[in-house]
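To keep things clear, I will list the structure first and then write my remarks on it.
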Amino acid sequence: MKIKNITLIVFTALSVFACTNLDEELFDRVKDENFGKTPKEIEALAGGAYSSLRGFSDAISNAYPASEYVFFLNEVVSDEATIPTRGTDWYDGGQYQNAQRHTWTADNGMILSAWRYCYAGIAKINSIIYQIDKSGLSEEDKKPIFSELKSVRAYYYYMLLDLFGNVPIVTDFEDLGLPENSSRQDVYNFVESELLEALPYLPSNIAYSKFTKNVAYSLLARLYLNSEAFIGTPRWQDCIDMCQNISGYTLEPDYFANFATQNEKSTETILAIPYDSDAGTVGNYMSSMSYHYLQKFAVSPTGDYQWSANGMCAQPGVYSSFDDLDRRKSALLEGDQINLATGSVIIMDSGQPLTYTEDISNFEDAKQNEGVRLNKYEINAGDQWERDNDFVLIRYAEVLMMQAECYVRLNSPDLSRPFLDQINERAGMETPDIIDLEYIDKELLREFIFEGHRRTDNIRFGTFFQPWWEKGTTEAYRAIFPIPTSVLNTNTNLNQNSGYPN
Amino acid sequence: MYNKNSQINFSKGKTKKSFVLIIVLFFLTLTIKAQEKKTISGTVYDNLGVTLAGATILESQTNNGTTTDYDGQFQIEVSVGSEIVVSYIGYISETIQVTSSSNSFIKITLQEDTFSLDAIEIVAVGYGTMRKSDLTGAISSISSEDLVKGTVTSTEQVLQGKIAGLVVTQDTGDPSSGSSLRLRGGTSLTASNNPLIVVDGIAGVDINVVQPSDIKSIDILKDASATAIYGSRGANGVIIITTKGTKKGLSFNYNGFTGVSYASNHLDMLSANQWRGYVRENNLTDAIDFGGNTNWQKELERSTAMTQSHTINMSSGNENGGLRASISYLKNEGTVKTTELERLSTSLSTYQYILDKAIKFDAGLFANIDKWHPLDYRIFERSFNLNPTIPVYDNNGEFTSVGGTLYENPVEILTNRSTDNKRNRLLGYFKTEANFLNDFQAVLNLSLEHNASTGNTYKPSYAVLEGRSENGYGQKTYGEYTTMQVEAYLNYTKTLGKSNINAMAGYSYLDNSYEGFGAQRSGFVTDLFEYNNLAAGQDYRLGDVYSYKGKSNLASLFARANYAYDSKYMVTATIRKDGSSRFGANNKWGIFPSASVAWRITGENFMESTENWLTNLKLRAGYGVTGNQDGIGEYKSLSILGVGGDSYYDPATDTWSLAYSPAQNPNPDLKWESTEQINIGLDFSLFNKITGSIEWYNKRTKDLLYTYEVPQPPYLVGTILANVGELTNKGLEVTLNANIIQNDKINWSTNLTFAQNTQKIEKLSNQVYETDIIYSGSLHGLSGMSNQFSQIIKEGYPVGTFWGYESSGLDENGEFILSDEKTAIGNVQPDFTIGFGMDFSYNNFDFGFTSYGSFGQDVLNATNMMLYDPNRLPAYNVPDAFLNSGINSAPTYSSYWIEDASFLRLQTVSLGYTIPFKDSTSKLRIYVLGENLAVFTNYEGVDPEVNLTGLSNPGMDRFNNYPRPTTVSLGLNLNLGY
């Protein structure tokens, strides 16, 4: 009996001392409140703003600025690129056909990707500002960090201004209230003031891939260049003035040096998103989205090149708009593709030769070899799926072209000649006698082909609304995209952009 | 009594005197009787000579009674001349006359009452056992003899078709792939829908830690009144596995079988000659004939896939203790080359009584090692794509390699890589039971579960997929988890007259930690080392090494009370309070109550007239709330920073550094999903031949966990794990067992289960989060269907609703005729599922079969959808049937490709002969067993049985066609008893 009683006591005691601690113990990650205390930790936080520029993919969408679908969106609604349907390939619910024909709806996945790319970046920067604000850093030390962070954020808002216009402005990480639209004018003002306020604190040196004073000047110049398109107020002279603040860059003698695998050495690049597959960067595989499946045998005799998806190509007419002497023409790949192992033309599964043609016989059912391909960024045998070339956002050539365009628009085409001469000299071409807007428009296509500029340029020149290949006239309201359906569904405070059905 | 009388006194003065009189008389009578008392003690045995604990001893015509203790002993003081009635549920009561000359120590042997078999069946109910007859909840039980036999590589499979409402799915014929279990429809969108597994009282363990040969019985707790005792882990039902204990004496047992398997089905693709015929007829001059004659599906398969299994166990026991040990080996080759499962498992269990049976120690140890070679499922799509004229090997004996999308030689993929995985499972427990003060039992259960997996992969520099481009790729991974549990509970059992009282209360604490690491390298100068020397790989990238660790705790308090009167009226109530570290700060603790009642109608006097045919009729009703917390990973409620490959470039130093970024939207309100369930059940027994039960239930799951989309802005990331939606499952289950003939020579019995479930999403939004539609059933990865979905999750529809264009066939051009609007065009939820089996024996011969079926579920035959493509020929192969299909349109997702995948599978057929030994405790049985001998279905794909669970691809037949094997095996069982 005694032993039985002892057992009872032991059990009772066990229950009394038993544990009920339910706090989570972390091992391989850190609670936000425990991070951001040392300068190194603060640097690691701020670095997140830059890594956000490479975008992300999640269960909802891919949002890569260099590939799917942010890049796709800007390209395929413009007059330079297209993603034709080939058999079933690249049909994907018709999203590329709708984009080509300017009949997109708010459900288009590419539009959602672009929206999420921007707002994920903005939210991340808001959280970093919040985090660093709590770090105990002095206000003086915070100033340059915050200025840099806010400039990156302003870049995202600039894109939203360009793509969607009337978007909500959110700057407070802690505020989870559902925001309302701001007018396009307000967004414009916000971008301008954020950049202007940040300017004094931004580094004035040339720091590759960083948001320096030169980057802020370039973004402001872009803003003023498109001011008429964005808010109806032309600011051509402001654009020129801003361009003239930019210093320290020269054109690379070789146009393609800007797109080499090691393009970080370019003297021309003002802003780029750096990529390095060894450093684990993802989302840079545009080349694989354009070449034919069998292109690998034209790169390596053993086929030691990544799989390619045979997607995006140039619209008919783009390739022939390049003079044969124009060095930039080889940014496009046309003609027979030679199998390096056999020395003869690659034969596709259909038994036909792989010869890229400018013509696309049927947009809805194109042949596998139709359309000339993007060939701007360097490719090599043995490339990883995640490419190492940096994705160029702003080149010095753009600063030259902006000034050239503004002088033409200000009716002083002669003043634009020195800028255009630099561009043409490198391209192996000559500036024509008559410099007009139509020439500027075509020159922009040739200089910046497949750099994601074309939609904005088309809108600024008004060509966006005119018919082109596989597209009729475009309604004016399509100058901005609709706010994505899933965003409207989850935030009932938002209104759809006018013209689009609610 | 005193108070009551005094109240009466106040109200009714007149009666006061008569009451006093009665009381006086009553005490007088007692005094008189007391003078003629006699103390009787004794022991109660069953017909096998085992002592019966808990038998009732009642002095007839009085309230004087007692029950036998754990050794079957009792002591009672009774009046001389009275009768004592000894009874025990399931046994025929004995009446004994007590005279002055009666022996004061008696031995009573009760005979089994064959009329109410379920009364003696003991059912595990969680933290204790109950007699089946006393159950108030919906619990199905199955004993070891009734488990599905055959080449079982996952313990789940032994339940296939056996339990009404339990669906067991193994999606492929790959022996190394596990099975999923789902009871009464799924309750969750994100969280696991697998029932909680309890082995010998240890909750939450991997079911495969126990081998089928070690299982004595399995009890499936279905409704909330039964599972609420497991609180936040009970919503998907609970499967309680009790392993074999020891028998008295010494016994030795050997089980072994060897079998041959082959793929049960293939897709009929064009042969090389059919392809050539097509090319000639259509004058396709560009078509390339590679000169071979290859059936790519067959090329992936073994000529003979062998399976062998050997199990040896021994047990020895006596009154005070015993032990049982077993060891088994299984090697099951899959029909596809390289696939197999090799398992070595052992178990050891022992118990010991001390201090005159006051204390019992019970310990068990289960361990096994699995080895297998994971398969790259991409080979199947390629086996349908490749032109049949391509030979497997070229003239130089090298693998033929023809470029093209999804066109790599699948035999090369299968051959040119090494994938070797291993898993160790371990479960150990030590249980101490103390019996004291007659009615109390205290239990302390300490347990440890450890599960560790290693993975090894090497793709040599000549391997076409991921080998060449990486110049050799090697990877090693390791992951493990450890769960420690302490459980202490106190049981109280008391019989007062006809009342049976049972109460239990306890506490449990669980600590689960997991950790792992991995490394990968590319760029090998030589392929000689495979994955054994990763340092020889010269390419280093971020993410090539990683490690992780996490931990969670679960603390619980629980209690249960049962009251049964005369085995006629039964009430049970349970409550559990669970606190989990995974829950958000605002919801750390959840409470899960339940209550249920039962009425054995046949125990009533008015049922005497039906006694001859209706031997048992019992009505049960219960309600309870249970939870599911599986969908909440660790740290999901917190605001945390991680380093998810987020590097940034520093131009000053030309280096990359890691950024620390917030990883998720924090949710301090995060909590369990809670399921309310009502269950009404009827148990019956007819003519002593047919037993069965009918269950009706209605489950409503609230606070559905899902990673809901949230608006950006303002949220940091696009989704948040939150508790929002509601879904319901309603259903009916019928279980029938019939002993058609039972005599000395012939034993013929059958069993049938039927289950029907209707599921509906009731809500997907609340005040905070709005969701209209969740797209699921992704078609991503199929040509032209990037980011396209085949299914929706939407209010008013069940999970797995196909959403697309209705097709009314083909027009004259061979184009699909499609509706204008997308609608619901099918559903993966079956209308009903059945299981049917039979056992027949005649003298020493035995014959039996088991089968199961699922009816009314729709499956998207995406394999055919993509293969019936006029653009494929001549480069890509097509099914024979395509040529006559008339289809002249590119693959389009519509109802055209949704098929009714109803099927009935003949799962096992066995024929055996038992050679009797002179010693009746020994025997030898030899048998032949056929598995998956036939499937009755109209489904056009390789196999109608595809995964119906989960959200990513339920009900999709999508190039993952590892055909289920048909297996024939020969085995023998040898039992030696001493």
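Read-outs: derived from the displayed coordinates by stated rules, not from any lab. Predicted model only: the values in this text are computed from it and were never measured. A quick note on method: Cβ atoms are made from the backbone with ideal geometry, for glycine too, and the neighbour counts reach across all protein chains shown.
What lysines sit close enough to B:LYS37 to cross-link, taking a C-alpha to C-alpha distance under 23 Å and skipping anything fewer than 8 places away on the same chain?
Within the straight-line cut-off, B:LYS37 pairs with B:LYS107, B:LYS498.
On average, how many beta carbons from a partner chain sit within 10 Å of the beta carbon of a residue in B:657-669?
Values: counts 6, 6, 12, 15, 11, 12, 2, 0, 2, 2, 0, 0, 0.
Other-chain Cβ atoms within 10 Å of each residue's Cβ, averaged: 5.
Past 22 Å, Cα to Cα: identify those pairs from B:LYS132/B:LYS568; B:LYS222/B:LYS431; B:LYS248/B:LYS357, in the order given. Spell out each step's value before the answer.
Working: B:LYS132/B:LYS568 13 Å; B:LYS222/B:LYS431 26 Å; B:LYS248/B:LYS357 16 Å.
From the list (B:LYS132/B:LYS568; B:LYS222/B:LYS431; B:LYS248/B:LYS357), the Cα-Cα distance tops 22 Å for B:LYS222/B:LYS431.
What distance in nm separates the two pseudo spin-label positions at B:THR304 and B:VAL402, each 7 Å out from Cα along the beta-carbon direction?
3.4
Checking the cross-link filter: which aspartates and glutamates have an alpha carbon closer than 18 Å to that of B:LYS38, excluding same-chain neighbours under 8 positions apart?
Those aspartates and glutamates meeting the cut-off are B:GLU59, B:GLU77, B:GLU83.
Among A:LYS124/B:LYS551; A:LYS124/A:LYS376; B:LYS549/B:LYS636, which pairs are too far apart, with a Cα-Cα distance over 23 Å?
Details: A:LYS124/B:LYS551 27 Å; A:LYS124/A:LYS376 31 Å; B:LYS549/B:LYS636 14 Å.
Cα-Cα > 23 Å for A:LYS124/B:LYS551; A:LYS124/A:LYS376; rest within.
Could you compute the FRET efficiency for B:LEU528 and B:ALA452, with r as their C-beta to C-beta distance and R0 at 30 Å, rounded to 0.05?
Efficiency for this residue pair is about 0.60.
Positive end of the charge dipole of chain B (Lys, Arg +1 and Asp, Glu -1 on Cβ, about the Cα centre): tell me which of B:TRP275, B:ILE898, B:ASN194 has its Cα farthest that way.
B:ASN194
Just grab the label-to-label distance for A:SER361 and B:GLU611, each label 7 Å out from Cα along the Cβ direction, in nm (one decimal).
Inter-label distance under the simple model: 9.1 nm.
Quick one: order B:MET306, B:MET838 by neighbouring beta-carbon count within 10 Å, fewest to most.
Listing B:MET306, B:MET838 from fewest to most nearby Cβ atoms yields B:MET306, B:MET838.
Just order A:249-261, B:667-679, B:805-817 by mean Cβ neighbour count inside 10 Å, highest at the front, would you? Please list the in-between numbers first.
On the way: A:249-261: 17.2, B:667-679: 22.4, B:805-817: 13.7.
Descending mean neighbour count gives B:667-679, A:249-261, B:805-817.
I need the calculated FRET efficiency for the pair B:SER93 and B:THR921, taking r as the beta carbon distance and R₀ as 30 Å, to the nearest 0.05.
Using R0 = 30 Å, I get an efficiency of 0.50.
In whole percent, what relative contact order does chain B give with Cα contacts below 8 Å and a gap of six or more residues?
11
Return the lysines within reach of A:LYS40: Cα separation strictly under 16 angstrom, same-chain partners fewer than 8 residues apart disregarded; answer none if there are no such residues.
Correct list for A:LYS40: A:LYS134, A:LYS142.
Name the residues of region A:427-446 whose amide N is less than 12 Å from a point 7 angstrom out from the Cα of A:GLU228 along the C-beta direction?
Within reach of a label on A:GLU228, which here means backbone N under 12 Å from a point 7 Å along Cα→Cβ, region A:427-446 contributes A:437-438.
How much FRET efficiency would the formula 1/(1 + (r/R0)^6) give for B:THR415 and A:LEU437, where r is the Cβ-Cβ distance and R0 is 45 Å, rounded to 0.05?
0.10
Under 17 Å from a label point 7 Å along Cα→Cβ of B:GLU145: give me every residue in region B:893-930 with its amide N that close.
Inside the label zone: B:910-917, B:920-926.
Sorted by packing (mean other beta-carbon atoms within 10 Å per residue), highest first, where do A:121-130, B:551-560 land?
Taking the mean over residues of other Cβ atoms within 10 Å, the ranking is A:121-130, B:551-560.
Distance in nm between label sites at B:LYS37 and A:ALA476, each 7 Å beyond Cα in the beta-carbon direction?
10.9
Would you mind giving the mean number of other chain beta-carbons within 10 Å of the Cβ of each residue in B:286-292, as a whole number? Intermediate results must be reported in sequence, preceding the final value.
On the way: counts 6, 2, 4, 0, 0, 0, 0.
Per residue, the number of nearby Cβ atoms from other chains is 2 on average.
How many Cβ atoms of partner chains, on average, are near each residue of B:432-445 if near means within 10 Å of its Cβ?
That average works out to 3.
Work out, step by step, the length gained on full extension between B:ASN743 and B:LEU933: first 0.36 nm times the residue separation, then minus their alpha carbon distance; give nm to one decimal.
The span from B:ASN743 to B:LEU933 would gain 65.3 nm if fully extended.
Please name whichever of B:THR339, B:VAL643, B:ALA442 sits farthest to the positive end of the charge dipole of chain B, dipole taken about the Cα centre and charges placed at Cβ: Lys and Arg +1, Asp and Glu -1.
The residue sitting most towards the positive pole is B:ALA442.
Mind sorting A:TYR407, B:TYR88, B:TYR353, B:TYR329 by how few other Cβ atoms lie within 10 Å of their own Cβ, fewest first?
On the way: A:TYR407 23, B:TYR88 26, B:TYR353 20, B:TYR329 15.
Exposure proxy ranking, most exposed first: B:TYR329, B:TYR353, A:TYR407, B:TYR88.
Hey, quick one: spin label on B:SER808, modelled 7 Å out along Cα-Cβ, who in region B:886-930 has an amide N within reach, i.e. under 17 Å?
B:894-897
Hey, fewest Cβ within 10 Å first, where do A:GLU443, A:GLU430 land in order?
Ordered from fewest to most neighbouring Cβ atoms within 10 Å, A:GLU443, A:GLU430 come out as A:GLU430, A:GLU443.
What does the extension gain come out to for B:GLN111 and B:LEU686, with contour length at 0.36 nm per residue minus their alpha carbon separation?
Details: separation 575, 0.36 × 575 = 207.00 nm, distance 2.14 nm.
That works out to 204.9 nm of additional length.
What ranking, highest mean first, results for peptides B:878-888, A:225-235, B:892-902 when packing means the other Cβ atoms within 10 Å averaged over each residue?
Packing order, densest peptide first, comes out as B:892-902, A:225-235, B:878-888.
Rounded, prolate or oblate: which fits region A:355-502, taking a ≥ b ≥ c as square roots of the Cα gyration tensor eigenvalues, rounded meaning a/c under 1.5, else prolate when a/b beats b/c?
In terms of gyration-tensor shape, oblate.
Stretched out fully, how many nm does the piece from A:LEU415 to A:ALA207 gain, at 0.36 nm a residue minus the Cα gap?
Once the chain is fully extended between A:LEU415 and A:ALA207, it gains 71.9 nm.
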